[in-house]
């Protein structure tokens, strides 16, 4: 039978009841179908096993299934789950052509059909890959570096020569980038404070030299300048990030207490995990109020078992519920009433 469609994948939404799902496309063996169940809220995908988790039925013609078949799950996929079914034939060629031997047309056609099905699967994978533009002619080498094991939580970096990717071990982390900006802002504020203090000292010296009668004015100006410098120094100190917990020893969060945020720093990072298992924070507010409008709080989850769930409302303005799995990140800013979501990972 000819392969009359280029589609090789179907998806279905689970409802906790339906177990039979149609795969209406040509396939050559039940073992060629791949069945994946995805958790919609997290994107986690699990590949299911034939006979253990599902069976495949259909009408076979000469050993193949030209009109498709039906995948029957032994347990109905729940609501909030997506079932993905696609055809992934093995990359083998099983037809042995012998000299001067009559070869049945059906055998030849099945071999050609299998080649087309493999091409369709490869085309589907290519469509989901990162690709260069057709007109790309530069000397940039798109191959990723060999040390990708060092690339966790890092931002890809082009080499200094601009001809390819730098070694993954040299890539900066998101924390490096955020801290660099914070330190740059703090350095700029410190420089401004130093220049202001220097200008005040020079002004005081000039006034002292002009006349004795201006001594009181010079003293007043010097005191005002010193106060401004002290205020600037306090502002700079508040720009230094505050870190609560560590990757290895995160803060344990209790449902009825929530996240007991304290402090006056502008930039705050908390490493968190649930206390004794998965925790759905029920405290009101879920995160204690900040002290100044504009304060920022970055939450970093550290455990896939001891998770923390935060929901929209009760002191939070979120784009839906957020779950603190290992290395998940939630960025918040205080608007005077609520912690408002800026980003999530």
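All of the numbers you see were taken from the coordinates with simple rules; none came from a lab. What you are looking at is a predicted structure, and each value in this text was computed from that prediction instead of being measured. Every residue, glycine as well, gets a Cβ built from its backbone with ideal geometry; the counts of neighbours run over all protein chains shown.
General remarks:
- Degrees separating the helix 215-239 axis from the principal Cα axis of the chain, which is the longest one: 20
- Read-out P(r) over Cα pairs in 10 Å bins from 0, in percent, derived from the coordinates shown; its label in (i) 5, 21, 26, 22, 14, 8, 4, 1, 0; (ii) 5, 25, 35, 23, 9, 2, 0; (iii) 5, 15, 17, 18, 18, 11, 7, 4, 3, 2, 1, 0, 0: (iii)
- The angle between the Cα long axis of helix 105-127 and the longest principal axis of the Cα atoms of the chain comes to about 10 degrees, rounded to the nearest 10.
- Extension gain from residue 345 to residue 50, taking 0.36 nm per residue of separation minus the Cα-Cα distance: 102.8 nm
- Once the C-beta distance of residue 22 and residue 128 is scaled by a Förster radius of 22 Å, the resulting FRET efficiency is 0.40 to the nearest 0.05.
- Using the Cβ-Cβ distance between residue 144 and residue 60 with R0 set to 51 Å, the FRET efficiency from 1/(1 + (r/R0)^6) comes to roughly 0.75.
- Counting neighbouring beta carbons within 10 Å and listing from fewest to most, the residues 81, 247, 344 come out as 247, 344, 81.
- Likely footprinting exposure, 23, 12, fewest C-beta neighbours within 10 Å first: 12, 23
- Gyration tensor (alpha-carbon) shape descriptor, region 243-344, a/c threshold 1.5: prolate
- Once the C-beta distance of residue 288 and residue 98 is scaled by a Förster radius of 56 Å, the resulting FRET efficiency is 0.10 to the nearest 0.05.
- Ranking of 56, 17 by neighbouring Cβ atoms within 10 Å, starting from the fewest: 17, 56.
- Of all beta bridges that DSSP places with both ends in the chain, some 70 percent have antiparallel geometry.
- Distance from region 262-339 to region 156-206 (C-alpha centre basis), Å: 28
- Between 0 and 90°, nearest 10: helix 174-210 axis offset from the chain longest Cα axis: 10
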